[in-house]
Amino acid sequence: MAPVFSKIGIIGAGVSGLAAAKQLAHHNPLVFEASDSIGGVWRHCSYSSTKLQSLRCDYEFSDFPWPDRDSTSFPSYTEILEYLTSYANYFDVLKFVRFNSKVVEIRFVGDMEATDLTGKPDDYPTILPGHPVWEIAVQTNHSVTIEWYAFEFLVVCIGKYGDVPKIPEFPRNKGPEIFQGKVLHTIDYCKLQKEETSQLLKGKKVAVIGFKKSAIDLALECAEENQGPEAQPCTMVVRTLHWTVPHYWIWGLPFYMFYSTRSSQFLHEKPNQSFLRTLLCLLLSPMRRGASKFIESYLLWKLPLQKHGLKPDHPFEEDYASCQMAIMPENFFSEADKGKILFKRASNWWFSKEGIEFDDDTKLEADVVVLATGYDGKKKLKAILPEPFRTLLEYPSGIMPLYRGTIHPLVPNMAFVGYLESVSNLHTSELRSIWLARLVDEKFKLPSVEKMIEQTTKEMAVTKRTTRFYKRHCISTFSINHSDEICEEMGWNSWRKKNWISEAFSPYGSQDYI
């Protein structure tokens, strides 16, 4: 049977998939979602305590504001799912989505001779050539039957998080198999019901591996379950410390003043800047470092980081530049002060029968070990992409080189939405979906492969010079400049404010790109 043929296919119905489907709705795309609901990681990788890391007004679609967008509280994951569902219903996006449809294989059926993979300055292939370029195999409702679909253009929105856990490697006979307790990854924890999480944590010696947002939330849930004289503390095993913030105010000043206005981003290096701009950045570097120190001084005053040995050795701006900054839950340090959350710094560790052993010859007894060690987005992509395109994911910097955060210069007729990180990933995905829709509609053309590679190389070089945690495609310190270039490419005015004062000192968000 011949594959079902359509113009555009979208894989994934999370935030990025919904944004792409809405912008490409006039092409009647087919959206394949492996689960039975929209929402992506908000649906499948959230705890009962999971909340948004930014304010509502910073995490909304440009044409669909939150009903209570001025609220200063951080919405819970259930509120976010309700918002996404309302968005999908309002714009009638769900009619494109095929639920319980898992993409298990992708085949390239285009003309390989016409596809240049050498990086030479040839024109990028036609976006909608009128014939199939990709075929995908879809498994529906866990059936053994595979259905094939063919597309002129494919949009991958499966994201870097969820589905494939990143598991540490251990020496022989020192892995989870010798541990007499229970070992699970946060992706497994997210699947548990409230009663099951309570049974798992209450009265148990729990070790949480990691110190990013998921680990912090989990440790707090563990502490709240273990109250009373018979309760056991939760121990966080920390390899790399990162700065956390309690809210978005620094010594009474709004956080956006330091990084999210055009004037503040003028202090930071950006790709394609002139010699004079480079010189100015160098001259203003003391001011940039001063802003970082100013924020650090507030955090050290507000949070007992030094008391608990949690003060990072690197500047705050490096965490911001790599999208590593996290909001600290309100009750976290009050539980730590009561001894309900303990911390163990360790570079290397492994399992023993009774718990965990460390390279400083200390031991930690545990009943439960939860690995909050992240996800392997590259492995998830490699599982479905065919050769030779799979090999292109082995990029030395660790960052997949995506032009405008969307197009891999050497992968024809395919886009990736949701792989670029910034202050608001929703806004980032939506703007790139708008850009992608105009590209598909031939409102503009892509530059040569050579120029696209040159642009992505410049962005990665800036990130690498800005932070030691550069192996993430994060544009937070030059996000406005990145959006400017996208607007100019689409034929839009890049300055989106009403006057120059707002342009210089007001924060930029999704509402500026209506």
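The values are calculated or read from the model by the stated rules, or taken from the named source; none is laboratory data. Predicted, not measured: the structure shown is a model, and the values here were computed from it. We place every Cβ from the backbone using ideal geometry, glycine too, and count neighbours over all the protein chains shown. Areas reflect the complete protein model, heavy atoms only, side chains present, ligands, DNA and RNA absent. Shrake-Rupley method; radii C 1.70, N 1.55, O 1.52, S 1.80 Å.
Observations on the structure shown:
- The number of residues in segment 232-253 that are without any contact (Cβ under 8 Å) to a residue 60 or more places away in the chain and aromatic (Phe, Trp, Tyr) comes to 2.
- Answer residue from segment 443-457, given it is part of a helix (DSSP H, G or I) and open to solvent by 60 Å² or more (accessible area, probe 1.4 Å) and is farthest from residue 260 (Cα to Cα) among those: 450
- Those residues of segment 201-258 which are out of contact with any strand residue (DSSP E or B) (no Cβ under 6 Å at 6 or more places or on another chain) and part of a helix (DSSP H, G or I), in sequence order: 201, 214, 216, 217, 220, 221, 224, 225, 257, 258
- Members of segment 296-337 that are among the aliphatic types (A, V, I, L, M), part of a helix (DSSP H, G or I) and open to solvent by 20 Å² or more (accessible area, probe 1.4 Å): 300
- Listed by first and then second residue, the pairs linking a residue in segment 377-401 that is of a type in the set (S, T, N, Q) to a residue that is open to solvent by 20 Å² or more (accessible area, probe 1.4 Å) and part of a loop (DSSP other than H, G, I, E, B), with Cβ atoms under 9 Å apart and 6 or more places separating them unless they lie on different chains, are 397/470; 397/471.
- Only residues that are touching a strand residue (DSSP E or B) at 6+ places or on another chain (Cβ under 8 Å), within 18 Å of residue 326 (Cα to Cα) and among the polar types (S, T, N, Q) were counted across segment 55-101, and they come to 1.
- In segment 254-295, the residues that are among the basic types (Lys, Arg), modelled with pLDDT of 90 or more and open to solvent by less than 80 Å² (accessible area, probe 1.4 Å): 262, 270, 288
- Residue within segment 409-430 that is under 17 Å from the mean Cα position of the chain (by Cα), surrounded by 21 or more Cβ atoms within 10 Å (Cβ to Cβ), charged (D, E, K, R) and at positive phi present: no
- Residue match in segment 201-215 (condition: open to solvent by 40 Å² or more (accessible area, probe 1.4 Å) and within 30 Å of residue 21 (Cα to Cα)): yes
- Residue under evaluation residue 75, criteria (1) surrounded by 16 or more Cβ atoms within 10 Å (Cβ to Cβ); (2) out of contact with any Asp or Glu (no Cβ under 8 Å at 6 or more places or on another chain); (3) under 22 Å from residue 20 (Cβ atoms), criterion not met: (3)
- Just one of the listed residues (8, 106, 38) is in contact with a His (Cβ under 6 Å, 6 or more places away or on another chain) and either open to solvent by less than 20 Å² (accessible area, probe 1.4 Å) or modelled with pLDDT under 95 (or both), namely 8.
- Comparison of 428, 477 shows that the only residue that is in contact with a strand residue (DSSP E or B) (Cβ under 8 Å, 6 or more places away or on another chain), of a type in the set (Val, Ile, Thr), assigned to a helix (DSSP H, G or I) and touching a residue at least 24 places away in the same chain (Cβ under 8 Å) is 428.
- Restricting segment 480-494 to residues that are farther than 17 Å from residue 323 by Cβ and in a helix (DSSP H, G or I), the residue that is most open to solvent (accessible area, probe 1.4 Å): 488
- Test: residue in segment 144-166 that is open to solvent by less than 80 Å² (accessible area, probe 1.4 Å), farther than 29 Å from residue 437 by Cβ, modelled with pLDDT of 90 or more and in contact with a helix residue (DSSP H, G or I) (Cβ under 7 Å, 6 or more places away or on another chain): yes
- Residue check for residue 375: touching an Asp or Glu at 6+ places or on another chain (Cβ under 8 Å) and among the aromatic types (Phe, Trp, Tyr): yes
- With respect to the conditions (1) open to solvent by less than 20 Å² (accessible area, probe 1.4 Å); (2) under 23 Å from residue 243 (Cα atoms), residue 460 lacks only one, and its number is (1).
- When segment 13-38 is filtered for residues that are touching a strand residue (DSSP E or B) at 6+ places or on another chain (Cβ under 6 Å) and either outside any loop (DSSP other than H, G, I, E, B) or farther than 15 Å from residue 89 by Cβ (or both), the ones remaining, listed by number, are 17, 20, 21, 24, 27, 29, 30, 31, 32, 33, 34.
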